[in-house]
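Take a look at the structure set out below.
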Amino acid sequence: MPTGRLPERLTVLDAATRAEADAVLRTVHDGGSRALVVSGAPGTGRTTMLAVVEHTARQLGMTVAHARAMPGEWGIGLGVASRLFDALPGQAPPGWLPDHWHEPPGLDRLAKLCSAFAAAARRNPLALLVDDVRFADPASDTLLRMVLRRVRHAPLALVVTTSGAWPSVPPGLPDNDDIPPAEDMTLRLGPLSDDQVREACRRICGRASDDEFTSGALAASGGNPRVLTGALTDFSHVGHPVGRPGPAFTSLVTEHRRRQVVAVLDSLSRAAVEVLRVLAVADGDLDYAPLRAMAGSGDLPGDVLTELRASGLVTGSRPVRPADPVVRERALAGMPVPARRVLHAAVAALAHRSAAPDRVVSRILLGTHHPPGAWSVGALRRAAATALDAGDTEDAAALVECALGGHLTVDQRAELLLERGAALVADQPVASDRALALVVAAPGDHPETRMRRLRAVDLLITRGAATVARRAITTRLAVLGQDDSAGAMAERHSLVALHTLARGMMHPPVAETPLPVRGPEYSDDPVAAGVNSRLLAVRGTDRGRATMLAARALVPAFDEQPLGLPRLAAATALLLADEFDATDVGLNTLLGDARRRGARATAACARLGLGIQAVHQGLLDDAEEHLTEAHAELPRSSWHPLMRPVVAAHRVVVEVRRGDLDAAARILADEGGAAAAPADGLIRDAERGFAHAYLLFARGAFSLAADDPAEAERDLRECGRRLVARRWHNPLLIPWRALLAAAMHANGGEEAEIRELVADERRMAAAWGSPCAIGSADLTAGVMLGVLGDPAAPGLLADAERVLRATPMRLRHAEALAALGRSLLDDGVAEAGVELLTEACGIAEETGAAPLRVRVERDLRATAEPSARRAAASGVLANLTAAESRVVEYAVAGLSNPEIASALSVSRRTVELHLSRAYRKLGVSRRAELPGFAVAGTTR
């Protein structure tokens, strides 16, 4: 074959495809005849293929006639044939006049034109090329089929391109006037191969693409040559075909695909466009037949589905759907907005009549402005509930928002607003609050309406939107006025109880106009019972009454009492009362119900409650899991600032007890309250909330562990001040006194104040009366009094160990074991001390409390140092306090000051103070003299 330069256009045709086309021309050049139908979807290279054929034919010296069929030529004489003869001057039949091209031709005239083509081919091999033959006018199409039948009579090549099949037989024309092409007469162009993509990149970008870019480019473009080459041409100015294609390349592919689809849409008949729009709305979820009937018959002969398939805009058979999202978007983009909404409503109604699933009907309804009929609202609500169950809050919110555009009663609108509030809480919490506030303000006296209002208030307070809830409650109570009906009284008492919780979330508790009614302080109503049980528990009074009220709050079925907040309050009371099993059952039951109802804030708080219970029990791994799941239920950004610090605070406590201070510091930094950061970096609302007390406690625990007792004391004092101002005295709620006493001692605080803190905690624990509270308070007292050298310390430690052993507080019990074991060692009861320390070490290992385990292991190692033990027991050291003796013992064993501080759970400053006092009592001036002094003391 002759060679020469191709026209200046990119081709990505592979060698085998071009060789097949070249074989056709070679046959004709040698005196034979061939026909070739180049078939492929738009953009697959059909026009490029025809250009290659034309170039090769001219190189071979063949006569070439090239024409492109246009969609607008349907029914216009011999449009394609006339342009073919324009390329063959003087080849028209004798006597043919220009006007004949515009007159309806009979078969006799078509036969003359066919003979003229054959005569031209006999003079010189002829190549007739027709692009997009499916758009050819009927007369030209008939002529080309006649040429196809007679193609073997002369050295003639007939090459046509189409996106479907050719020839076709239009109605009313003889079907015996052509011979369908054999399989070897059809050249099908498909998606590009990997090698073709690499070659295209080499030609356009200057280098072949690597494997990752190749596969990514094929996936993004669907292997469509026109789309890919257009995108690569633009991309070559800003990037290289290496690595995974990024958003920039994907955006270019989408833009070129959009241009291609627009061009194809412009070539479609009106009927095909109408059908495509209906298919775009249905998106493969409905059968084709009813959709085709909905669009109308149109004005194009034949089945429009064949036309759509040929255009490459639809795919599939059952169901038929747009080929890709760009087709769907562009098909509907040309419609006016009102017409588009009407079309969505019509297709949705068809889907409803066809018993399509709610997810299908509701998806289509999203394109309407006002959902048509009550059935549409029902479908949208059911689909929204399903989306919530699956965690798709964004879809659920959109579905509810669409349903709100329908014709609704007051109650229906309020119910939808409640569902909207629940759906939006994760992604748009402020919009959720507004929706819920509207529910509270909705009128109506029906029991379901009253309960709906209470549920809205419940969701508001659970997320922490206390200010919005208080205002809504106050407004609603004013509307209720003096209504003394049973329903109004029940609603009033529940609202007052919920208002109490909302008010208590602020610090200091807000002062406002008294409510128009006061609920019974210890009402047996399930809502008030839950609130009052928590009030008693946090104040640390009347444990029996608090437990009874909490149990009453958890007894009703969720259909009878669906509010989550009173159940959460009751669970808090049960936890503080040592009712761990009941707490676990109550919170897990609430978690399951909240998930079923789509109440994500309630589910998150139930998870938080389970995490707090695990922290109390010292189950650090379980605590971390629950606290992490709390943020999975409701993202951190969706928690109200009044509530948000609670999760972070307990996560910090967990990490401090694990000994991972870096992780604790990161959590505090994220929350804006790290010890190293200024306090004014916190969100102002968070500082005003009750939850800030938890964060202050966590910061204090972190600072104390990080050897910064001064910072710890500041935070813990403020934490205590806030809790005392609220009269939240229960020592189990936030054990701030124990840490504050340790921080004060490390800072050289007044012994009297430390003793007063210890005594206060024991009094509060005795008033509450739970074993966990009493045992924990005794442990704090034993440790602190031991540091102060009080002889009552060992007895308190023994009492604490005995009481805590019978409770689920495993980590606290391990701390009691370790403290009592060290005390016994100091008293010379080595065997019993080692036994307790060994048990403490095992529990610390199981719970993951690394700092406690390290301290206990060092104590056990120290028992193997006889010289240190004899020195501690010698008469020379008898005038040292127990704490000073302990520090000297570790110093003699070779531990550094930071290591001693970690082993004794005190600050480095405390170690330094103890050593300074010990030096003075022993008459030494530096650490190096301690080992020799200890040996000398032992020999006396």
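Numerical summary
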quantity: Residue count, the stretch 135-147 (criterion: crowded, with 22+ Cβ neighbours inside 10 Å and not in a loop (DSSP other than H, G, I, E, B)); calculated: 8
quantity: Matching residues, the stretch 192-226, being of a type in the set (G, A, S), outside any loop (DSSP other than H, G, I, E, B), touching a Leu at 6+ places or on another chain (Cβ under 8 Å) and without any contact (Cβ under 8 Å) to a residue 40 or more places away in the chain; calculated: A217, S221
quantity: Selection count where residues are more than 24 Å from A118 (Cα to Cα) and among the hydrophobic types (A, V, I, L, M, F, W, C), scope the stretch 16-48; calculated: 3
quantity: G77 being part of a loop (DSSP other than H, G, I, E, B) and in contact with an Asp or Glu (Cβ under 8 Å, 6 or more places away or on another chain); calculated: yes
quantity: Contacts under 8 angstrom Cβ, first residue in the stretch 770-784 being without any contact (Cβ under 8 Å) to a residue 12 or more places away in the chain, partner of a type in the set (F, W, Y) and buried (at least 24 other Cβ atoms within 10 Å of the Cβ), 6 or more apart; calculated: none
quantity: Residues located in the stretch 102-145, provided they are over 19 Å from A87 (Cβ atoms) and among the hydrophobic types (A, V, I, L, M, F, W, C); calculated: L107, A111
quantity: Residue match in the stretch 390-399 (condition: surrounded by fewer than 18 Cβ atoms within 10 Å (Cβ to Cβ), within 29 Å of the chain's Cα centre (by Cα), assigned to a loop (DSSP other than H, G, I, E, B) and among the charged types (D, E, K, R)); calculated: yes
quantity: Residues satisfying the stated conditions in the stretch 349-391, i.e. touching a Gly at 6+ places or on another chain (Cβ under 9 Å) and not aliphatic (A, V, I, L, M); calculated: H352, D358, T368, H369, H370, P371, P372, G373, S376, D389
quantity: Test: V531 is at pLDDT 90 or above and aliphatic (A, V, I, L, M); calculated: yes
quantity: Check on L877, crowded, with 16+ Cβ neighbours inside 10 Å and at pLDDT 70 or above; calculated: no
quantity: Check on V227, surrounded by fewer than 22 Cβ atoms within 10 Å (Cβ to Cβ) and in contact with a Ser or Thr (Cβ under 7 Å, 6 or more places away or on another chain); calculated: no
quantity: Tally, over the stretch 240-253, of residues that are part of a loop (DSSP other than H, G, I, E, B) and free of Cβ contacts under 8 Å to residues at least 24 places away in the same chain; calculated: 1
quantity: Test: residue in the stretch 300-322 that is in contact with a helix residue (DSSP H, G or I) (Cβ under 6 Å, 6 or more places away or on another chain), in contact (Cβ under 8 Å) with a residue 24 or more places away in the chain, assigned to a loop (DSSP other than H, G, I, E, B) and surrounded by fewer than 19 Cβ atoms within 10 Å (Cβ to Cβ); calculated: yes
quantity: One residue from V242, V238, V264 being closer than 17 Å to R203 by Cα, modelled with pLDDT under 90 and of a type in the set (A, V, I, L, M, F, W, C); calculated: V238
quantity: Matching residues in the stretch 416-431 - criterion: being small (G, A, S) and part of a loop (DSSP other than H, G, I, E, B); calculated: A426
quantity: So L276, is it within 23 Å of N224 (Cα to Cα) and more than 33 Å from the chain's Cα centre (by Cα); calculated: yes
quantity: Residue selected from the stretch 463-490 under the condition at negative phi and in contact (Cβ under 8 Å) with a residue 60 or more places away in the chain, by the criterion surrounded by the fewest Cβ atoms within 10 Å (Cβ to Cβ); calculated: A466
quantity: Test: residue in the stretch 270-279 that is in the same structural domain as T214 (by TED's automatic domain parsing), in contact (Cβ under 8 Å) with a residue 12 or more places away in the chain and buried (at least 18 other Cβ atoms within 10 Å of the Cβ); calculated: no
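The values are calculated or read from the model by the stated rules, or taken from the named source; none is laboratory data. Small disclaimer: the values here were computed from a predicted structure and weren't measured. Quick reminder, even Gly has a Cβ in these numbers, built from the backbone with ideal geometry, and neighbours come from all protein chains shown.
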